[in-house]
Structures are given as C-alpha cells and as structure tokens.
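The next block holds one structure in the form of structure tokens; read it before the comments.
The values are calculated or read from the model by the stated rules, or taken from the named source; none is laboratory data. Everything numeric in this text was worked out from a predicted model, so none of it was measured. Here the Cβ positions follow ideal geometry from the backbone for every residue, glycine too, while neighbour counts run over all protein chains shown.
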Amino acid sequence: MTIAGSIVLIMLGAILTWAVEFTLAGIDIQVIGVILMLGGLAGLLFGLYRLNAVRRTATPVVPVDETATRRVYEERRYNDPL
C-alpha cells in the first residue's frame, strides 16, 4: 500500500466515522470507519518504514581516504570485421 492510499483510507474512515449518519441493518458505519482509519494508519507507518529502509541502504559509501580521486577508464571493443 502506498502512502497516498493510506491517506485516502484514513480520510474515508474519518468521513464514515464522523460525517455519515446513515444506518444499515446489522452494520455499524462508525465501526467500519474506525477500522478503515486504523488500517490506513498501519499502512502509512509501514510505507514510511519501507521508505526509510530504502533510503538507508542507498546512501553512498564514503571512501576511507577522502583526498584520493577515482579514475574511471572506458574501454571499447569493436568486433566488426574490417
């Protein structure tokens, strides 16, 4: 679940909990709204955790000798016949 999807679930749950005064036989709309808000909150926390974990692993490694420069050589080979 994405962060935007989690926020949508939280908003939908809040609307069902506090703004809707519709009743169905055997179904409590306010309880469904609270369940949606809790699910959206759990999805939001999990999405933020995943985002933080990806950022932590993608940090560049600083070389031990910061004054050293790295040279990259590009080598091309052409296998076409003359």
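Just a few scattered comments:
- Cross-chain or 6+ apart pairs with Cβ under 8 Å, region 70-82 first and surrounded by fewer than 10 Cβ atoms within 10 Å (Cβ to Cβ), then part of a loop (DSSP other than H, G, I, E, B) and at pLDDT below 75: R70/P63
- All of (1) modelled with pLDDT of 75 or more; (2) surrounded by fewer than 13 Cβ atoms within 10 Å (Cβ to Cβ); (3) among the small types (G, A, S) hold for A58 with one exception: (1).
Yes or no, residue by residue, for (1) more than 19 Å from L51 (Cβ to Cβ); (2) assigned to a loop (DSSP other than H, G, I, E, B); (3) among the small types (G, A, S):
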position: G5; (1), (2), (3): no, no, yes
position: L9; (1), (2), (3): no, no, no
position: L12; (1), (2), (3): yes, no, no
position: L16; (1), (2), (3): yes, no, no
position: V20; (1), (2), (3): yes, yes, no
position: V31; (1), (2), (3): yes, no, no
position: V34; (1), (2), (3): yes, no, no
position: M37; (1), (2), (3): yes, no, no
position: G40; (1), (2), (3): no, no, yes
